[in-house]
Amino acid sequence: MDLQTLVRDLYGVDRPQGCTDEEIAAMKERFGALPAVVEDFWRTFGRTKELNQCQDTWLLPEDYQKWGWLTESDHLFLFCENQGVCRSGIRREDLALPDPPVYTQMEDDDPWELSAPTVSEFLEAALTYEAVWRLEYSPKDYFFYWLTDEELETVRTKLTQRPVTLRNWMEYELAFYSNRPDNLVVVMDVGGQYQCFYGGATEESYAALMEVMEGLGEPI
């Protein structure tokens with residue numbers, strides 16, 4: 001999916017704000033090379049405040065100016081969990097590739113695990129995941145639900161799975177389902193058990209989603 005369309009539908013942003021050429025050039029000088037996909041993302045979305053008003057944090061050129069430790073890693077960090085216990089990035093040796101894989105690490109001494117085979121897939125998956133935290137319409141009493149295998153099959157058969165997956169985020173695998181461009185169900189595989197949360201950008205899109213999700217899941 002085109003990221004501008006995704007951001008418009010799920011974040012309500014028609015005119016994203018990007019980083020300057022000078023900021024991009026400074027990052028190239030700092031790391032020696034940048035993947036073209038990362039350049040495009042920063043140049044288009046790098047100063048779009050709505051993207052960092054969700055659950056976790058996108059790491060952007062301005063952060064590299066503030067925090068020297070970011071340049072000490074053997075990865076270019078892209079994304080960080082809100083308490084810093086999980087982060088995703090590109091290996092330095094892959095930075096000359098146009099669209100390299102993205103890896104995620106839980107703790108400083110833990111191994112880096114593949115999160116997405118390309119930056120393009122990672123960006124779409126992570127932006128999709130983050131959007132669910134800011135969708136205006138969601139269940140009022142509970143946010144998370146456990147799904148049985150039968151309930152998960154209902155989600156899979158009655159909704160359309162989005163074509164990206166976020167792997168090894170907080171040690172989970174995340175899949176995404178919708179029946180309109182502006183609603184979303186996130187299903188987390190938690191060691192073979194399934195947790196979901198969901199919402200819609202408008203009352204109408206939420207109602208369309210609830211035609212499937214009503215009554216599904218045990219509240220957490």
Along principal axes, Cα extents of segment 13-170, largest first, whole Å | 52, 37, 28
Looking at the chain, which longest stretch skips every one of the GluC sites (Glu not before Pro) that is in a DSSP loop with at most 15 other Cβ atoms within 10 Å, leaving the sites themselves out?
-> 1-106
Of Leu97, Trp112, Ala131, which is farthest along the charge dipole of segment 52-185 in the positive direction, counting Lys and Arg as +1 and Asp and Glu as -1 at C-beta?
-> Ala131
Charge dipole (the chain, unit charges on Cβ, about Cα centre) - positive-most of Gly32, Thr157, Leu174 = Gly32
Calculate the radius of gyration of the Cα atoms of segment 155-220 to one decimal place, then report Dmax, the largest Cα-Cα distance, as a whole number, both in Å.
-> 11.9, 34
Positive minus negative residues near Cys54 (Lys, Arg vs Asp, Glu; Cβ under 9 Å) = -2
Debye log10 I(q)/I(0) at q = 0.17, 0.23 Å⁻¹ for segment 109-207, Cα point scatterers = -0.77, -1.31
Globularity index of segment 66-158, i.e. its alpha-carbon radius of gyration over 2.2 N^0.38 Å = 1.36
Per-residue [θ]222 nm for the chain (sum of -39500 (n - 2.57) over DSSP H runs n ≥ 4, rounded to 500) | -9500 deg cm²/dmol
Test item: Cα-centred dipole of the chain, Lys/Arg +1 and Asp/Glu -1 on Cβ, debye | 520
How much net charge surrounds Gly192 when only the other residues with a Cβ under 14 Å from the Cβ of Gly192 are counted, with Lys and Arg +1 and Asp and Glu -1?
-> -4
May I ask for the net charge around Ala25, where only other residues with Cβ less than 13 Å from the Cβ of Ala25 are counted and Lys, Arg are +1 while Asp, Glu are -1?
-> -2
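Every number here is computed from the coordinates shown, using simple stated rules; none is lab data. Quantities reported herein were computed from a predicted structural model and do not represent experimental measurements. Counting neighbours? That spans all protein chains shown, and the Cβs are built from the backbone with ideal geometry, glycine included.
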